[in-house]
Amino acid sequence: MITVRNLYKTYGLDTVSIEALKNINMEIKSGDFIAIKGPSGCGKSTLLNIIGCLEKPTSGEVLLDGINVGESNNDELANIRRDKIGFIFQNYNLIPTMNSLENVALPMMFAGKDEKEIYNKATQLLQSAKMGERINHKPSELSGGEQQRVSIARALINNPSIIIADEPTGNLDSKTGKIIMDMLINLNKEGKTIILVTHDLTIAKMANKIIYIKDGEFVEGEI
């Protein structure tokens, strides 16, 4: 499903270059649940952004279902994100002026589907996430765990094959974080490919495979 070959990512700041990723190679198969673990600033989120078609590599290849991300234009990348990838973020990234139903429905609106169909599906997803009674609540009226459940429902609205989760439990207490991880584990059992970034080894160990990254490079052993 996803192949990463000799991936480098460099950011330029005036005359100074920062190498965020160095010679990354990995294979992610359909149905995998992979955790990428490392300290803050090690390149985890950069790698996730490239795999998620939010950024392009400086060199090397990232192939997603055979499509070369680095050679795709912005419209093509937007279509890949819309059709294949669901995103879950540490800070939830919900739109504050929209209620739960509207936030979940929004990505499907961009796909040009029928409005009734969209809201029916968004309602079903919120009910599955045990948020049916909070459907008309705005983010400011929800707890952190509730906001994250809304964001998971939003990530699923276009039925993506890949779920990318960037520190999804980072702002949550351990009990609520376990609830969110249980949801991701169940999605994986249903066939979704999960790629999760975390600095927490306890969270990482809930995945089927852990990849360790430090200073932009994969390393052996726990860090």
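Please count how many residues of segment 186-210 are in contact (Cβ under 8 Å) with a residue 40 or more places away in the chain, surrounded by fewer than 15 Cβ atoms within 10 Å (Cβ to Cβ) and under 10 Å from Phe33 (Cβ atoms).
Within segment 186-210, residues that are in contact (Cβ under 8 Å) with a residue 40 or more places away in the chain, surrounded by fewer than 15 Cβ atoms within 10 Å (Cβ to Cβ) and under 10 Å from Phe33 (Cβ atoms) number 2.
Matching residues to (1) of a type in the set (Ser, Thr, Tyr); (2) over 15 Å from Phe218 (Cα atoms):
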| site | (1), (2) |
| --- | --- |
| Thr15 | yes, yes |
| Gly38 | no, no |
| Gly52 | no, yes |
| Leu64 | no, yes |
| Glu71 | no, yes |
| Asp75 | no, yes |
| Ile95 | no, yes |
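Sort out which residues of segment 183-205 are hydrophobic (A, V, I, L, M, F, W, C) and either in contact with a Phe, Trp or Tyr (Cβ under 8 Å, 6 or more places away or on another chain) or assigned to a strand (DSSP E or B) (or both), and write them in order of number. Break it down stepwise before answering.
Of segment 183-205, the ones hydrophobic (A, V, I, L, M, F, W, C) are 183-185, 187, 194-197, 201, 203-204.
Answer for segment 183-205, where residues must be hydrophobic (A, V, I, L, M, F, W, C) and either in contact with a Phe, Trp or Tyr (Cβ under 8 Å, 6 or more places away or on another chain) or assigned to a strand (DSSP E or B) (or both): Leu184, Ile185, Ile194, Ile195, Leu196, Val197.
What number of residues within segment 95-152 satisfy the criterion of being buried (at least 16 other Cβ atoms within 10 Å of the Cβ) and outside any helix (DSSP H, G or I)?
Count: 7.
Applying the selection to segment 21-56, what residues are surrounded by 22 or more Cβ atoms within 10 Å (Cβ to Cβ), among the hydrophobic types (A, V, I, L, M, F, W, C) and under 26 Å from Asn74 (Cβ atoms)?
Of everything in segment 21-56, those that are surrounded by 22 or more Cβ atoms within 10 Å (Cβ to Cβ), among the hydrophobic types (A, V, I, L, M, F, W, C) and under 26 Å from Asn74 (Cβ atoms) turn out to be Leu21, Ile24, Ile36, Leu47, Ile50, Ile51, Cys53.
If you check Ile194, Ile210, which single one turns out to be in contact with a strand residue (DSSP E or B) (Cβ under 6 Å, 6 or more places away or on another chain), under 25 Å from Tyr8 (Cβ atoms) and modelled with pLDDT of 95 or more?
Numbers: Ile194 fails: under 25 Å from Tyr8 (Cβ atoms).
Within the list Ile194, Ile210, the selection yields Ile210.
So in segment 153-178, with the set limited to residues that are assigned to a helix (DSSP H, G or I) and of a type in the set (Gly, Ala, Ser), which one is farthest from the chain's Cα centre (by Cα)? Show your work before the answer.
So in segment 153-178, the residues assigned to a helix (DSSP H, G or I) come out as 153-156, 174-178.
Within this subset, residues satisfying the condition of being of a type in the set (Gly, Ala, Ser) are 153, 155, 174, 177.
On the way: Ala153: 13, Ala155: 8, Ser174: 20, Gly177: 16 Å.
Filtering first and then ranking leaves Ser174.
Being of a type in the set (S, T, N, Q) and in a helix (DSSP H, G or I): is that true of Asn23 here? Give the steps one after another, and end with the answer.
Working: of a type in the set (S, T, N, Q): yes; in a helix (DSSP H, G or I): no.
So Asn23 does not fit the description; no.
Mind checking which residues of segment 29-49 are closer than 23 Å to Gly66 by Cα and in contact with a Leu (Cβ under 9 Å, 6 or more places away or on another chain)?
Phe33, Ile34, Ala35, Ile36, Thr46, Leu47, Leu48
Within segment 57-91, restricting attention to residues that are in a loop (DSSP other than H, G, I, E, B) and under 16 Å from the mean Cα position of the chain (by Cα), which residue is surrounded by the most Cβ atoms within 10 Å (Cβ to Cβ)?
Initially, segment 57-91 is screened for residues in a loop (DSSP other than H, G, I, E, B), giving 57-58, 65-66, 72-73, 90-91.
From the residues that got through so far, the ones that are under 16 Å from the mean Cα position of the chain (by Cα) too are 90-91.
Working: Gln90: 18, Asn91: 13.
Among residues in segment 57-91 that are in a loop (DSSP other than H, G, I, E, B) and under 16 Å from the mean Cα position of the chain (by Cα), the one surrounded by the most Cβ atoms within 10 Å (Cβ to Cβ) is Gln90.
Can you tell me how many residues within segment 124-168 are in contact with a Gly (Cβ under 7 Å, 6 or more places away or on another chain) and free of Cβ contacts under 8 Å to residues at least 40 places away in the same chain?
1
Given the condition of a type in the set (A, V, I, L, M, F, W, C), under 19 Å from Leu142 (Cα atoms) and in contact (Cβ under 8 Å) with a residue 60 or more places away in the chain, answer yes or no: does some residue in segment 105-117 qualify? Break it down stepwise before answering.
Our first condition is that a residue be of a type in the set (A, V, I, L, M, F, W, C); within segment 105-117, this holds for 105-106, 108-111.
Pick out the ones that are also under 19 Å from Leu142 (Cα atoms) and you get 105-106.
Those left that are additionally in contact (Cβ under 8 Å) with a residue 60 or more places away in the chain: none.
Looking for residues that are of a type in the set (A, V, I, L, M, F, W, C), under 19 Å from Leu142 (Cα atoms) and in contact (Cβ under 8 Å) with a residue 60 or more places away in the chain, one finds none in segment 105-117, hence no.
The values are calculated or read from the model by the stated rules, or taken from the named source; none is laboratory data. Just so you know, these numbers come straight off a predicted model, no measurement behind them. Heads up, the Cβs are rebuilt from the backbone with ideal geometry, glycines too, and the neighbour counts pull from every protein chain shown.
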